[in-house]
């Protein structure tokens, strides 16, 4: 499964790294007696906190320290994810580990056995500085990805929703899944049914009479039997001779070809239940290409043709159940026969030119920067796939620069300069360790040119 870093875990990790050596703890859990303007920190080893109860502690020990409450769970409620402002002057009561806040949270902390938010203390920074530092890394770090070339809208399953997939009869329910067992790329489309003919159908795409289409559907079937076929959207009828059944539980390919018939102008791909046994299937991708077309629009995930490192080809596998079910047994190999079109004044400014194989699937191998965190009140399900150590080292370099710029003490500035450079060095070394530190080299593939 994909390794991800959640926003709340990142905030707590950065605070520990920045201020873990201070006499004031950077992260703490709360007692249920806390209120919106008065926080009581849990005490003792069971809470995971240092013991703050010290009657002789200065009331000014936490003066001006910022307080942020991290999101505790996916059902986020106020004041989780809020920045409460700062501890008031003389606002620390050591004997009870209580902190007075101004202006305070919008509501009392929601503390229960199932909801245990933590507070993070900020010294000279805010959660918004953490957010900017993390997003600056995510925006500028391009990670390797691959997607199939396809004429089917959302055939690569990149969209988070299912708006491009029509429920057929009583079937097709369910949101996209990211469960590793059911997914080949980032997401997979579940297809369910209770009666024969239930399922899901793609958005229709334009075709030309006489062109030959390569249809490649990567899928697995948990229960029941699935029928993969084509649908004439204008005639509102299945296209005869293009239906293939499968019941294999592991991911495999259903592959076939179709030469567009007379008066067929728009078709869709549909996956339906075959027989009476309830269907539960997962679609990894649907790649439809034409043996006669040479120009394809880029998927919205790819920002620029220069982000494409190469086109890769997955050859057709061997048959294992019938003449359309293929093993996913071959490796992706470079496909050098491609070029690009860039017209920034065009309504569709970037396209790719491809010489299509007569079988198999083509994939874009490209680099993609991740989705940024949307805000400091993000729920714990909001994550980034940027490796945690890379993200932490990059953020620490940025944050220590901000702290350094606030100082007037030359000795302390030099200390932070040295730490900042160490984090930058660690960041570069970590990038190099997974082959992300080198510049992306863009090369036009070689091609033959006819000389008049």
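The values are calculated or read from the model by the stated rules, or taken from the named source; none is laboratory data. What you see is a predicted model; the values in this text were computed from it and never measured. Here the Cβ is made from the backbone with ideal geometry for all residues, glycine too, and neighbour counts use every protein chain on show.
Within the option set 408, 425, 412, being assigned by TED's automatic domain parsing to the domain that holds residue 131, at pLDDT below 95 and assigned to a helix (DSSP H, G or I) holds for one residue only, 412. Would you mind stating whether residue 264 is over 22 Å from the mean Cα position of the chain (by Cα) and over 27 Å from residue 195 (Cβ atoms)? Here the answer is yes, as residue 264 does meet what is asked.
The residues of the range 24-53 that are surrounded by fewer than 18 Cβ atoms within 10 Å (Cβ to Cβ) and at pLDDT below 70, listed by number, are 44, 45, 46, 47, 48, 50, 51. Only residues that are at negative phi, assigned to a loop (DSSP other than H, G, I, E, B) and crowded, with 16+ Cβ neighbours inside 10 Å were counted in the range 206-249, giving 7.
If only residues of the range 81-135 that are touching a helix residue (DSSP H, G or I) at 6+ places or on another chain (Cβ under 7 Å) and surrounded by fewer than 20 Cβ atoms within 10 Å (Cβ to Cβ) are counted, the one that is farthest from residue 20 (Cα to Cα) is 83. Restricted to the range 163-180, and to residues there that are over 22 Å from residue 258 (Cβ atoms) and buried (at least 18 other Cβ atoms within 10 Å of the Cβ), the residue that is nearest to the chain's Cα centre (by Cα) is 176. If residue 356 meets every condition in (1) over 17 Å from residue 302 (Cβ atoms); (2) within 27 Å of the chain's Cα centre (by Cα) apart from one, which number is that one? Status for residue 356: all satisfied but (2). For the range 273-299, give me each residue that is under 20 Å from residue 203 (Cα atoms) and assigned to a loop (DSSP other than H, G, I, E, B). Scanning the range 273-299 gives 293, 298, 299.
Taking the stated definitions as given, is residue 255 under 30 Å from residue 340 (Cα atoms) and not in a strand (DSSP E or B)? It is false that residue 255 is under 30 Å from residue 340 (Cα atoms) and not in a strand (DSSP E or B). Looking at the range 136-162 only, could you name the residues that are in a strand (DSSP E or B) and crowded, with 22+ Cβ neighbours inside 10 Å? 147, 148 - these are the residues of the range 136-162 that are in a strand (DSSP E or B) and crowded, with 22+ Cβ neighbours inside 10 Å. Residues in the range 166-175: is at least one over 12 Å from residue 279 (Cβ atoms), assigned to a strand (DSSP E or B), in contact with a helix residue (DSSP H, G or I) (Cβ under 6 Å, 6 or more places away or on another chain) and in the same structural domain as residue 317 (by TED's automatic domain parsing)? The answer is no; no qualifying residue exists. Of all the listed residues (199, 174), the sole one being in contact with a strand residue (DSSP E or B) (Cβ under 7 Å, 6 or more places away or on another chain) and touching a residue at least 24 places away in the same chain (Cβ under 8 Å) is 199. Report whether or not residue 179 is in contact (Cβ under 8 Å) with a residue 60 or more places away in the chain, in contact with a helix residue (DSSP H, G or I) (Cβ under 9 Å, 6 or more places away or on another chain) and over 18 Å from residue 227 (Cα atoms). For residue 179, the condition - in contact (Cβ under 8 Å) with a residue 60 or more places away in the chain, in contact with a helix residue (DSSP H, G or I) (Cβ under 9 Å, 6 or more places away or on another chain) and over 18 Å from residue 227 (Cα atoms) - is not met. Is it true that residue 91 is touching a strand residue (DSSP E or B) at 6+ places or on another chain (Cβ under 7 Å), at pLDDT 85 or above and under 26 Å from residue 397 (Cα atoms)? Judged against the criteria, residue 91 is not a match.
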